[in-house]
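The values are calculated or read from the model by the stated rules, or taken from the named source; none is laboratory data. Just so you know, these numbers come straight off a predicted model, no measurement behind them. Cβ atoms come from the backbone with ideal geometry, glycine included; neighbour counts cover every protein chain shown.
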Amino acid sequence: MIILKIGGGKDINITGVAEDLAALSEPLLIVHGANAWRDELAGRMGWEINRVTSVSGFSSTLSDTGLIDLQMMAYAGLRNKRIVETLRQHGVNAIGLSGLDGALIRGKRNAGIRVRQKGKLKLLKDFSGKPRSINSALLDMLLEAGYVPVITVPIIDENNRAINSENDDIVTLLNSHYKARRVIQLIEEKGLLSDPADRDSLVEKVTHADLETWINKEQGRIKRKLYAIGKLLAGGAHKVVITDGRVVHPVNAALRDKGTVFE
């Protein structure tokens, strides 16, 4: 199996992804984001998105009820169905699902996000949480019938409410069950850069032993992504490849180890 995570940027080449996947015969799971579509919709509707950084250095979006509505529109709606549409146009038997559908991804709502504001430590409560379990019976049924599940947030919590969650954590949870031979992550960059200001400073390989050094060095969303990759490797992932999703054939490039390879 291959687990493919498609980033939420607008420049990811979905047509190229579809062309590459159409030529593959092994089972596939796709998880995708839609940050760009969410932000664009928020701007059109005049909704403010509140971004915060936790005391541990992780950047995240405060998930209020308005943000969950935006996710349902942008992630589970527009972006999910456009990806499914493109895949089906290229012969990929895709089916779009959010974590809500059939309780596909069930999580536990967080107590809140610890932040420091004006010198004081605060706990901001929101509708977000960690994915804890998958409806493997539903996924297995779809995979055995030849479908390619295309999965996105929101997920469902212990009280059957929609909550936000990190796609990296969803990928880790899926891999803990399916043990993919390769996890591919498509982003709007060549891969991990040793110098973010230098687009040619690609780090081609990172061993599990070196990963902690990189996690301590980075900040923001890349720090969260590297931490999630560490959990993927610790959980048995054979290989994780972060590669440029903007190229002509992004999945084929990842299968040739183009980008940053984590082993």
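Scan segment 184-222 residue by residue and report those that are part of a helix (DSSP H, G or I) and farther than 17 Å from GLY33 by Cβ. Hits for segment 184-222 are HIS208, ALA209, ASP210, LEU211, GLU212, THR213, TRP214, ILE215, ASN216, LYS217.
Cβ-Cβ contacts under 9 Å between residues 6 or more apart (or on different chains), taken from a first residue in segment 39-60 that is more than 19 Å from ARG79 (Cα to Cα) to a second residue that is surrounded by fewer than 11 Cβ atoms within 10 Å (Cβ to Cβ), are listed as VAL52/GLN117; VAL55/LEU121; SER59/ARG51; SER60/ARG51. Do the conditions hold for ALA111, that is, is it crowded, with 21+ Cβ neighbours inside 10 Å and part of a loop (DSSP other than H, G, I, E, B)? Taking the combined requirement at face value, the residue does not satisfy it.
Counting residues in segment 144-156 that are surrounded by fewer than 19 Cβ atoms within 10 Å (Cβ to Cβ) and touching a residue at least 12 places away in the same chain (Cβ under 8 Å) gives one or more.
Scanning segment 95-128 for residues that are under 23 Å from the mean Cα position of the chain (by Cα) and either on the phi > 0 side of the Ramachandran plot or charged (D, E, K, R) (or both) yields ASP101, GLY102, ALA103, ARG106, LYS108, ARG109, GLY112, ARG114, LYS125, ASP126. Residues that are more than 18 Å from SER59 (Cα to Cα) and of a type in the set (Val, Ile, Thr) are absent from segment 158-170.
Table: residues versus (1) small (Gly, Ala, Ser); (2) exposed (fewer than 15 other Cβ atoms within 10 Å of the Cβ); (3) under 22 Å from ILE163 (Cα atoms); (4) touching a residue at least 12 places away in the same chain (Cβ under 8 Å).
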{"position": "LYS5", "(1), (2), (3), (4)": "no, no, yes, yes"}
{"position": "ALA18", "(1), (2), (3), (4)": "yes, no, no, yes"}
{"position": "ILE30", "(1), (2), (3), (4)": "no, no, yes, yes"}
{"position": "VAL84", "(1), (2), (3), (4)": "no, no, no, yes"}
{"position": "VAL92", "(1), (2), (3), (4)": "no, no, no, yes"}
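Restrict the check to segment 58-65 and report whether at least one residue is of a type in the set (Ser, Thr, Tyr), in a loop (DSSP other than H, G, I, E, B) and modelled with pLDDT under 95. Checked against the condition, which is being of a type in the set (Ser, Thr, Tyr), in a loop (DSSP other than H, G, I, E, B) and modelled with pLDDT under 95, segment 58-65 yields at least one hit. Count of segment 221-263 residues, restricted to those that are surrounded by 18 or more Cβ atoms within 10 Å (Cβ to Cβ), at pLDDT below 95 and over 21 Å from PRO196 (Cα atoms), is 3. Given the structure, is ILE2 within 21 Å of ILE134 (Cβ to Cβ) and within 20 Å of the chain's Cα centre (by Cα)? In short, yes.
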